[in-house]
């Protein structure tokens, strides 16, 4: 089947302008003037009049947690709670409305201590007061910390003697509070029983529809555990994936994944592939667990902390080389960035061809940008931290340091290729909000954060299209409108290069096209 799109505006992201394009099958067959392209029309060609709307390449998700987005459909949403009482009400209502029996697990997500009236994390007593007979887990919006109630601690055999390297299990007067950070929270969250497979499959389909509704056709699962293998196999075997899904696996689980997905290692089969490994080097700045070279502003002895030792990071880099797999490292603080850069430096001649990625790079120092370039590290900035937590960063680091968060302007100045992401489900996978944030750098309280780090709209678009394709080694297949590339495209109600900057976040995606096929209707609520 052939399709010709015409009578619209095109953002190709290549060094040419077009008036129309021809799609044949899954790929862009021909681009050019309207007159030239219409010559290819035959009886089987479908003519698509854009009626002045804008077409551009579909978005590519440089980092998120697809499974997290899916699982959030099965959790209590605490995002709008303003205090502990409202959290309790949401949990209690959820149990009653869903007829959840005693001893059944209840999972909740989205609370943010920075936005609660108490300016603190709810501890287990807050949960136990209203749900004493259910194991309950509350996950912080960042995904890096959270709370287990007494029933959950008991079910997971967590005691006051339990310790986890690179994590915190909080105790007061020798008694567990239920609050955990980083490796401790992540490790025990993995041990929570999974929902049944049918419920999970339905949730994954909703998650896929959500990404498509935001114009995203390539998605990342940014930390794949062995518990996810059954659902991946269901998605593959039942051909449920419309998008391309790239999983980055827990490094210690590689042998299991390689055995289960022999045909999906670094290549797509049924729209799924194993892209490489993921490691965590620190936490999050808004949770005060990012690992810093200089202390947090209100405590000259507190620097956050690391989650991996130097030798462990070096071993991960070496394994990446030995198995010829890309590696993604979560680094929020500049000390974590330093640890990663030094580890890459040790193996630079071998690792640079694998395009190592620094995920988040929130507080990557301006002095570290040249090192990132030297060692071919791709920083993927979580740029929307500026809007969602910029005011918190000012409080934690001071205005001068906060101004340099997500230094996209400096990276552009030094010709460093970078990408943007939303770390969903931390926030919605809203690419136009991300682009808006990169060009305005405004916090929730309306404070401009780092004027010199602003970039223009076109460079921001590249960070979530053609640059992200490069990050995945797919720059010859995706990311721009070019003959021979996949017809992964979106149609917009307005041209982002022509609207007022503050209107960019309001641009609507009218159609998402994956490999030439329309994906117009989305249902995920």
Checked 433, 428, 474, 452 against criteria (in contact (Cβ under 8 Å) with a residue 40 or more places away in the chain and closer than 28 Å to residue 51 by Cα); the one match is 433
Those residues of region 10-31 that are part of a strand (DSSP E or B) and either in contact with a helix residue (DSSP H, G or I) (Cβ under 7 Å, 6 or more places away or on another chain) or buried (at least 18 other Cβ atoms within 10 Å of the Cβ) (or both) come to a total of 9
Let me spell it out: the conditions are (1) modelled with pLDDT of 95 or more; (2) assigned to a loop (DSSP other than H, G, I, E, B); (3) crowded, with 20+ Cβ neighbours inside 10 Å, and residue 283 meets all of them except one. Which number is the exception? (1)
Quick one: which of 265, 317, 321, 327 is within 25 Å of residue 247 (Cβ to Cβ) and within 17 Å of the chain's Cα centre (by Cα)? 327
Residue among 481, 447, 504, 461 that is out of contact with any helix residue (DSSP H, G or I) (no Cβ under 9 Å at 6 or more places or on another chain), touching a residue at least 24 places away in the same chain (Cβ under 8 Å) and over 17 Å from residue 362 (Cα atoms): 481
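Listed here are the residues, each with its yes/no results for (1) part of a helix (DSSP H, G or I); (2) touching a residue at least 12 places away in the same chain (Cβ under 8 Å); (3) crowded, with 18+ Cβ neighbours inside 10 Å.
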residue: 180; (1), (2), (3): no, yes, yes
residue: 207; (1), (2), (3): yes, yes, yes
residue: 222; (1), (2), (3): no, yes, yes
residue: 248; (1), (2), (3): no, yes, yes
residue: 252; (1), (2), (3): yes, no, no
residue: 255; (1), (2), (3): yes, no, no
residue: 267; (1), (2), (3): no, no, no
residue: 278; (1), (2), (3): no, yes, yes
residue: 289; (1), (2), (3): no, yes, yes
Looking at region 123-137, is at least one residue under 30 Å from the mean Cα position of the chain (by Cα), in contact (Cβ under 8 Å) with a residue 12 or more places away in the chain and closer than 14 Å to residue 79 by Cα? no
Meets criteria (crowded, with 23+ Cβ neighbours inside 10 Å, at negative phi and either at pLDDT below 95 or out of contact with any strand residue (DSSP E or B) (no Cβ under 8 Å at 6 or more places or on another chain) (or both)) for residue 462: yes
Elements of type strands (runs of 3 or more DSSP E) in region 307-420, at least 3 residues being without any contact (Cβ under 8 Å) to a residue 60 or more places away in the chain, crowded, with 23+ Cβ neighbours inside 10 Å and in contact with a strand residue (DSSP E or B) (Cβ under 9 Å, 6 or more places away or on another chain): 326-331
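The values are calculated or read from the model by the stated rules, or taken from the named source; none is laboratory data. Predicted model only: the values in this text are computed from it and were never measured. Using ideal geometry, Cβ is built from the backbone for each residue, glycine included, and neighbour counts are taken over all protein chains shown.
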